[in-house]
Every structure is written in C-alpha cells, then in structure tokens.
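We did not get these values from a lab; they are worked out from the coordinates using the rules stated. This one's a predicted model, so the numbers in the text were calculated from it and none came from an experiment. In this analysis, Cβ positions are derived from the backbone assuming ideal geometry, glycine residues included, and neighbour counts consider all displayed protein chains.
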Amino acid sequence: MSIKVENLSFSYGEKEVLKDVSFQAEYGQFLSVLGPNGVGKSTLFRCMLGLLKPTAGGTYIDGKSTADMTASQLSHHMAYIPQSHNPVFNYSVFDMVLMGTTGKMGNFSAPGKEQIRAAEKALARLGISHLRDRGYANISGGERQLALIARALVQDAKILIMDEPSSALDYGNRMRVMQTVKSLTKEGYTVIQSTHDPDQAFLYSDRVLAIHGGRVLAYGEPKETICDQLISTLYGVEVEVCSLYEDRMRVCVPANIGQ
Amino acid sequence: MNQKKQHMSYPLILTVMGILLIMSIIGSVVLGRYPIAFKELVGIVASQFMEIEAWWTPTQASLLLNHRLPRILLACMVGCCLASAGASYQGVFQNPMAAPDILGASNGAAFGAALAILLGGSSTMVIVAAFASSMITVGMVLFVGNRAKGKRVIGLILAGIMISSLVSSGTSFIKLVADPDDQLPAITYWLMGSLNGTDPGDVKFALIPMAIGTIPLFLLRWRINLLTLGDEEAQTMGINAKRLRVIVIFCSTLITAASVAVSGVIGWVGLVIPHLARRLVGNNYRYLMPASMLLGAIFLLLVDDLSRNLLMTEIPIGILTSFIGAPFFIYLITKDGERY
C-alpha cells in the first residue's frame with residue numbers, strides 16, 4: 001500500500017506548524033521523518049492519522065483521500081504505534097494486544113476466538129509469547145514497544161506509523177525493536193517513523209524526509225539526502241558524514257573528532 | 001509475580017458472584033424484624049403467577065410484596081448502578097479516583113431534593129426533583145467543561161468540582177432557611193441516604209432510566225478499555241472516541257441520577273466496589289463491568305440489611321457505606337496483589 005501526503009499545511013490558530021509538506025512512501029518502504037524535537041513531526045503524524053484536520057492539503061492512501069474516512073475505516077489502513085507509555089490501568093500484555101482488533105468489530109462486540117488467535121500469532125511473530133499474561137506496566141520499555149507493535153499487527157493495517165520508536169529505549173532494545181520493524185517491511189508493511197537521530201535514518205530507512213521549521217528541507221534516499229550541510233541546518237551542530245564498509249553504511253560523527 | 005494460571009478463571013468468578021447475589025437476596029428476605037421464612041417467600045412469589053392455597057398470613061404477603069422485596073430490589077439496583085457508573089467514569093476520565101459524583105450528580109440531586117422538601121413537595125416530587133436537578137447539574141458541568149481551555153478531561157473534572165461546590169452551597173442555604181422542626185431533619189435525613197420507606201413505585205420509577213443506562217454500558221464495555229488509553233490512541237485503533245465518551249458519560253449520569261434520586265446520597269460504593277472488582281478480575285472492562293455490577297448489588301444489599309437490622313432504629317445507609325467503605329478502601333490500596 002502506498003501513502004501520499006500532498007501539500008499538507010497545518011496551523012494552531014495563528015501559528016503555522018506545517019507548510020506545504022509533500023512526500024510519499026511506497027509498499028514495503030521504510031521512511032524516516034527526521035528533524036529536531038518540536039519541528040512538527042508529531043503534528044504531521046496527527047494530521048495523517050486523522051486526529052487533526054489539516055488547514056490545506058491532505059493524505060491519500062492508494063490514491064484515495066483519507067479526509068472523509070471514519071476512524072474505523074482509517075484504522076484498517078493505518079496503525080499508530082505510540083512511544084512505549086504507562087497507561088493508568090494495568091492491562092495484561094495479551095489484553096493490550098487484543099485491543100488492536102477493535103476497529104474491525106461491531107460496536108457491541110468483544111474479541112472472540114478469531115481475534116484471540118490473531119493476537120497469539122502477533123505475540124509469537126514478535127517473540128514475546130512468554131509475556132502474554134504479564135502486566136503491561138510490569139515489563140520493560142523495549143518489551144512494551146514490541147507489545148505495541150504486536151497490537152498494530154493485529155489491527156491488520158499495512159501502514160505502520162511509529163512515533164520515535166527508538167528514543168526511550170536502551171541500546172540493545174533499540175536495536176531489537178528497529179530490526180524487528182525493518183523485517184516487517186519485507187512482509188509488505190510500509191513503515192513511517194519519526195526520529196531525531198540521523199544514524200537511525202541511515203541504518204534502516206529507504207527514504208528520508210527532513211523537516212525544518214514546518215517545511216520539507218530535503219526528501220530522498222538517505223545517502224543522497226543526509227549530508228554535513230543538512231545536519232548543520234537541522235540541529236545547528238557540525239558533523240561529518242563518514243562512510244563505512246565500502247559505503248554500504250554511513251554514520252554521522254562530530255566534526256573534527258578524528259583530528 | 002501473579003500468574004493468571006493460579007487464579008480461578010474470570011467467567012467462573014463472575015458465576016460465583018452471581019450465585020452469591022441470589023443467596024444474598026434470599027437471605028435478606030428472611031432477615032428482618034417480622035419473620036418471613038424461605039417457605040413463605042417461595043409461596044408468596046409463586047402466588048403472584050398462579051393460584052395456590054396460602055400457608056402464610058396476609059400481613060406477611062403485604063410486607064414482602066410492598067416493602068421488603070421492593071427495598072431489596074432497589075438496594076441491588078442502586079448498588080449495581082453506582083458501581084458500574086463508578087467503573088465507567090474511571091475509564092473515561094482515565095482516573096482511578098473517579099466516582100459517580102465526579103460530575104456533580106450527587107450534589108445536584110441533593111439540591112433538587114432539598115428544594116422540593118422546602119417547598120413542601122410529596123415524596124414522589126422529591127424523587128423527580130432530585131433526578132431532574134441531578135441531570136441539569138451534570139449538563140451544566142459538561143457545558144462549562146467543554147468550553148474550558150486545555151485538556152478536555154481535566155476541564156470536565158474541574159468544572160465538576162466548581163459546579164458541585166456551587167450547588168452544594170445552594171443546598172446549605174436551603175437548610176438555613178428550612179423550618180428547623182420538620183423540613184431540616186427531613187433534608188438532613190435525605191442527605192444521609194436511606195432506602196427506608198421504599199415502595200414498589202420507587203422501583204418502577206428507577207427501573208427505566210437504570211435500564212436505559214446500564215444496558216449500553218454493559219454492551220460497550222470492551223470499547224471502554226480503549227478509552228482508558230486516551231482519545232488519540234483509541235481513535236487510531238478505529239473507534240470514535242469522542243462519541244463513545246459522550247455515550248458512556250450520559251449513561252453513567254443517568255443511572256447515578258436515578259440512584260441518588262430514590263436513595264439519597266450513598267457514598268463510597270462507586271469508588272470502592274470497582275476497585276474491589278479490579279482486584280478480583282483485573283482491569284479489562286469485559287469482566288470488570290459485570291463484576292462491578294454484581295459486587296455493587298451484593299454490597300449495597302448486605303449493608304442495607306445491616307442498616308435495617310443492626311439497631312432498633314434504622315441507620316441511614318449512607319453512614320454505613322462510609323463506615324465500611326473507607327477502611328476497606330484503605331485496606332485495598334495498601335494490600336498487594338494486582339491482577340490484569
């Protein structure tokens with residue numbers, strides 16, 4: 001499934017947050033939305049998910065505008081994976097995952113055998129079946145993030161939108177979560193993540209969308225998009241983009257560090 | 001760490017609660033100053049549907065059908081409604097401390113009842129005034145809360161606190177000007193909450209709003225889970241969060257207003273019972289809602305039994321629920337053993 005954002009603008013009252021944002025992500029692609037905190041990444045996601053109404057432009061899924069879709073219809077196409085959070089009431093991991101099935105049910109229905117099987121499958125797919133009966137609040141941040149991904153999988157939407165999935169995790173969990181997400185793109189999921197870390201964009205994504213002051217600063221393949229100049233504009237720091245393993249990999253390091 | 005496997009399964013726990021409720025109802029009929037044995041209970045109830053020769057006295061039949069049974073039914077209904085309203089409010093406000101009076105339903109009802117007593121209204125008029133005033137108060141809270149800047153849920157809670165306080169100062173004023181010989185004691189007694197003097201008409205009055213409120217809450221209970229995660233997350237999972245919250249608030253308010261109107265202010269049930277239920281069946285509303293309903297009914301019925309049998313005179317049930325509820329709540333929050 002492809003998702004296309006066209007000339008999307010959004011303002012909170014007088015304050016313009018997003019201006020003319022356009023990009024698209026194709027079937028099986030991994031897109032990173034790169035930019036410092038407070039630049040409008042979350043607002044962009046909220047507009048795409050139908051939580052905010054853009055002041056101009058819109059989002060199209062396979063060419064169809066999402067503006068007139070109900071929450072239920074949208075949820076069949078797009079799943080949102082928030083940062084691992086701590087809800088007010090402690091649910092079992094299994095119940096948390098099972099909640100993802102709600103969008104395809106009638107108003108008065110509760111999950112039945114079919115939904116329970118789907119939830120069990122998703123837990124197994126992410127390798128967290130052993131957490132099934134644990135409390136969601138009692139597991140680690142990385143495990144919670146995996147549980148939320150499992151919840152998005154049972155929602156059965158092919159576009160996954162992830163808000164800074166790696167930011168609250170430690171090094172090992174970050175790698176585990178991101179590699180799992182990357183493997184999902186091979187199964188046909190389109191993944192859009194926001195990140196403030198250019199190395200995360202280099203490591204996993206097929207496309208990068210750099211946002212600066214609510215506008216698109218650059219959009220394209222990571223190697224062609226992320227350069228010293230871009231990082232300096234985005235974050236106000238001097239870096240050097242270094243190439244590793246015959247340019248199969250690139251990383252950003254602070255400028256002058258090697259001298 | 002608690003593992004689910006060591007527990008009784010949740011449907012089984014609900015079945016046990018159902019059986020306990022039926023046993024409590026039968027036990028409550030037998031309990032009382034004027035004796036009615038189980039044998040008579042069966043006979044009198046059966047005689048309503050078929051012709052049988054009476055082995056009971058007419059006094060027993062009249063007492064059971066006009067006083068004891070309505071009172072028992074009403075205790076169950078009010079307990080069920082207050083507990084399910086409490087559980088629902090806790091979900092929509094994402095706040096474990098929410099109780100049925102969070103939006104001013106109780107204070108609003110109290111004002112209406114006090115006003116009706118002041119104006120010399122009949123007992124039916126007191127009930128109607130309490131119900132109407134309760135609904136109007138919550139309506140005002142919603143009106144103000146939706147206009148508050150910032151987070152919607154916080155705005156509603158703050159509006160609830162403000163309007164409640166405003167309305168209860170109105171009640172205080174009525175108490176001040178009320179006739180201290182008969183009106184003031186009547187108002188004070190009403191405020192303490194009591195099921196004394198329940199007649200079949202009260203049951204009929206409460207039944208319709210209670211049914212209109214509890215049935216949707218019961219049917220929508222799985223979706224309330226999603227609301228506890230916040231509107232945005234719920235919305236992205238495919239539910240219309242705003243609409244669902246309005247429905248849940250409306251239903252909860254309706255059953256709270258109906259309960260307070262017929263029974264007066266009965267505190268703690270709506271807070272303690274959902275928490276007890278959370279301990280027994282976890283936070284999933286699929287089981288939490290029926291567990292709260294059943295436990296609420298059992299709890300209020302048993303407390304009402306105490307209220308009419310403990311001393312020679314009636315103890316207002318609102319006093320007893322606080323006496324029992326507050327220490328029990330302290331026990332619940334300090335005891336380990338969370339379930340999910």
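Put a dot 7 Å past the Cα of residue B:97, heading toward its Cβ, do the same for residue A:12, and the two dots end up 2.7 nm apart. Putting +1 on Lys and Arg Cβ atoms and -1 on Asp and Glu Cβ atoms, find which of B:166, B:154, B:111 reaches farthest to the positive end of the dipole of segment B:73-334. Farthest towards the positive end: B:154.
Which is the longest run of chain A containing none of the GluC sites (Glu not before Pro) found in DSSP loop states (not H, G, I, E, B) with at most 16 other C-beta atoms within 10 Å?
Working: sites that count: A:14, A:26, A:187, A:238, A:246.
Within chain A, the longest run free of exposed GluC sites (Glu not before Pro) spans A:27-186.
Excluding same-chain neighbours fewer than eight residues apart, the lysines reachable from residue B:335 by a Cα-Cα span under 27 Å are B:4, B:5.
Based on C-alpha pairs under 8 angstrom that are at least 6 apart in sequence, segment B:73-334 has a relative contact order of 33 percent. Legend: mean number of C-beta atoms from other chains within 10 angstrom of residue C-beta atoms, peptide B:226-236, equals 6. Note on chain B: GNM, Cα springs under 10 Å; of B:190, B:222, B:56, the largest mean-square fluctuation is that of B:56. Given R0 = 25 Å, the distance between the Cβ atoms of residue B:162 and residue B:212 translates into a calculated FRET efficiency of 0.35. Relative contact order of chain A: 25 percent, from C-alpha pairs under 8 Å at least 6 residues apart in sequence. Using a 10 angstrom Cβ neighbour count of at most 12 plus a DSSP loop assignment to flag exposed GluC sites (Glu not before Pro), which longest range of chain B is free of such sites? That gives B:54-340 as the longest site-free run. Among DSSP beta bridges whose residues both lie in chain A, state the antiparallel percentage, nearest 5. Here the antiparallel bridges make up roughly 60 percent for chain A. Shown in residue order for segment B:175-186 are the 3J(HN,Hα) couplings computed by the Karplus curve 6.51 cos²θ - 1.76 cosθ + 1.60 at θ = phi - 60°: 4, 5, 8, 5, 5, x, 8, 10, 5, 4, x, 5 Hz (x for Gly and Pro).
The trypsin sites (Lys or Arg not before Pro) of segment B:90-154 meeting both criteria, a DSSP state outside H, G, I, E and B (loop) and at most 15 other C-beta atoms within 10 angstrom of the site's C-beta, are B:149, B:151. With contacts taken as Cα pairs under 8 Å at a separation of at least 6 residues, segment B:235-340 carries a relative contact order of 34 percent. Secondary structure note: in the protein assembly as shown, about 60% of the DSSP beta bridges are antiparallel.
For residue B:39 and residue A:107, what does the FRET efficiency come to when R0 = 41 Å and r is the distance between their Cβ atoms, rounded to the nearest 0.05?
The computed FRET efficiency comes out at 0.30.
Taking the charge dipole of segment B:73-334 about its Cα centre, with +1 at Lys and Arg Cβ atoms and -1 at Asp and Glu Cβ atoms, the residue from B:205, B:135, B:259 reaching farthest to the positive side is B:135.
Each of residue A:255 and residue A:27 was given a label point 7 Å from its Cα along the Cα-to-Cβ line. The distance between the two points is 4.4 nm. Backbone N atoms of segment B:81-98 closer than 18 Å to the 7 Å Cα→Cβ label point of residue B:338 belong to residues B:90-91, B:94-98.
Loop only per DSSP, at most 13 neighbouring Cβ atoms within 10 Å: give me the trypsin sites (Lys or Arg not before Pro) in segment B:8-71, ordered by residue number.
B:33
Per residue of peptide B:84-95, the mean number of Cβ atoms on other chains within 10 Å of the residue Cβ is 1. Taking a straight Cα-Cα cut-off under 19 Å and skipping sequence neighbours fewer than 8 places away in the same chain, the lysines within cross-link reach of residue A:121 are A:104, A:113, A:158, A:182, A:186.
Applying 1/(1 + (r/R0)^6) with r as the Cβ-Cβ distance of residue B:311 and residue A:121 and R0 = 60 angstrom yields a FRET efficiency of 0.50. Which residue fluctuates the most in chain B, going by a Gaussian network model with Cα springs under 10 Å, if the choices are B:261, B:87, B:132? For chain B, modelled as a Gaussian network with Cα springs under 10 Å, the answer is B:132.
Remark: segment B:260-266, residue by residue, has Karplus-estimated 3J(HN,Hα) of 5, 4, 8, 10, x, 7, 10 Hz, where x stands for each Gly or Pro and the curve is 6.51 cos²θ - 1.76 cosθ + 1.60 at θ = phi - 60°. Peptide B:279-285 shows a mean partner chain C-beta count of 4 within 10 Å per residue C-beta. Compactness of chain A is given as radius of gyration and Dmax, 18.8, 66 Å, from Cα positions.
Highest mobility in the GNM of chain B, judged by mean-square fluctuation with C-alpha springs under 10 Å and restricted to B:215, B:298, B:266, is found for B:215.
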